[in-house]
1. In segment 29-62, what residues are under 15 Å from Thr120 (Cα atoms) and acidic (Asp, Glu)?
2. Return yes or no: is Val60 under 18 Å from Val25 (Cα atoms), crowded, with 18+ Cβ neighbours inside 10 Å, more than 13 Å from the chain's Cα centre (by Cα) and of a type in the set (Val, Ile, Thr)?
3. Can you tell me which residue among Arg24, Arg65 is open to solvent by 60 Å² or more (accessible area, probe 1.4 Å) and more than 23 Å from Arg123 (Cα to Cα)?
4. Go over the candidates Leu87, Leu101, Leu118, Leu72 one by one and state the one that is under 22 Å from Arg24 (Cα atoms), open to solvent by 20 Å² or more (accessible area, probe 1.4 Å) and among the hydrophobic types (A, V, I, L, M, F, W, C).
5. List pairs: first residue in segment 50-62 and farther than 16 Å from Leu100 by Cα and of a type in the set (D, E, K, R), second residue in a helix (DSSP H, G or I) and modelled with pLDDT of 90 or more anywhere in the structure, Cβ distance under 8 angstrom, at least six positions apart or on different chains.
6. Just give me the residues in segment 89-129 being in contact with a Ser or Thr (Cβ under 9 Å, 6 or more places away or on another chain) and among the acidic types (Asp, Glu), in sequence order.
7. Kindly indicate whether Arg8 is closer than 16 Å to Leu100 by Cα and open to solvent by 50 Å² or more (accessible area, probe 1.4 Å).
Amino acid sequence: MPMPMRIRNGTDADAAAAAAVVRRVLDEHGLPFEPRRLDADVLAPTSSYRAGGGAFFVAVDAAGRVVGTAGLLRTGPGAGEVRRVFLLPEARGRGVGRALLEAVLDAAGARGMRRLTLTTRHRYDRAIRLYERAGFRPVGAGRQRAGDPGLAYALDLAPAPGRVPARTAAGAPLPAFA
């Protein structure tokens, strides 16, 4: 039976569960969890994202368990960075990553952001396909984590008059995913 999922705004109350998702995915790929450096933002999403004009989202399963994360960090006037798009293995291949990314894109548009960037790794091939299908294009090298060179991507958001935010951004349930 398909497992229903929904996307909702994440808060500091989700920090431990969100950090567990990030840690598990990093472990899966042989990368360290760095709570005092690169991963500090997931431990305090309200101050790291929302207080600065960004957003933080979590994907939750039918039991309310956090199975995915995605953040939007404002980096300047009209600009933002997509961060923390992580999914537990059991949530992959069900459209959850796409729904999280849509929530971030909708939030960016609602906040007047015209350009988004993100950094990912070669090893995240499924995520790279997701980003490229959404219109992100490679723009060079990004930050490094444990000697693993990052890939930088950017997306110019076209003004979309009358764009209706995805219902997932408001926390409505996603359809059941197979």
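The values are calculated or read from the model by the stated rules, or taken from the named source; none is laboratory data. Please read these numbers as outputs of a predicted model, since none were measured by experiment. Cβ atoms come from the backbone with ideal geometry, glycine included; neighbour counts cover every protein chain shown. We work out accessible area using only protein heavy atoms, side chains counted, and drop any ligands, DNA or RNA first. Shrake-Rupley method; radii C 1.70, N 1.55, O 1.52, S 1.80 Å.
1. Selection gives Asp39 alone.
2. The answer is yes for Val60.
3. Going through Arg24, Arg65 in turn, just one is open to solvent by 60 Å² or more (accessible area, probe 1.4 Å) and more than 23 Å from Arg123 (Cα to Cα): Arg65.
4. Leu87
5. none
6. Matches in segment 89-129: Glu102, Asp106.
7. Taking the combined requirement at face value, the residue satisfies it.
For (1) modelled with pLDDT of 95 or more; (2) of a type outside the set (Ser, Thr, Tyr), each residue gets a yes or a no:
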| position | (1), (2) |
| --- | --- |
| Val22 | yes, yes |
| His29 | no, yes |
| Thr46 | no, no |
| Val58 | yes, yes |
| Ala63 | no, yes |
| Ala70 | yes, yes |
| Glu90 | no, yes |
| Leu105 | yes, yes |
| Ile128 | no, yes |
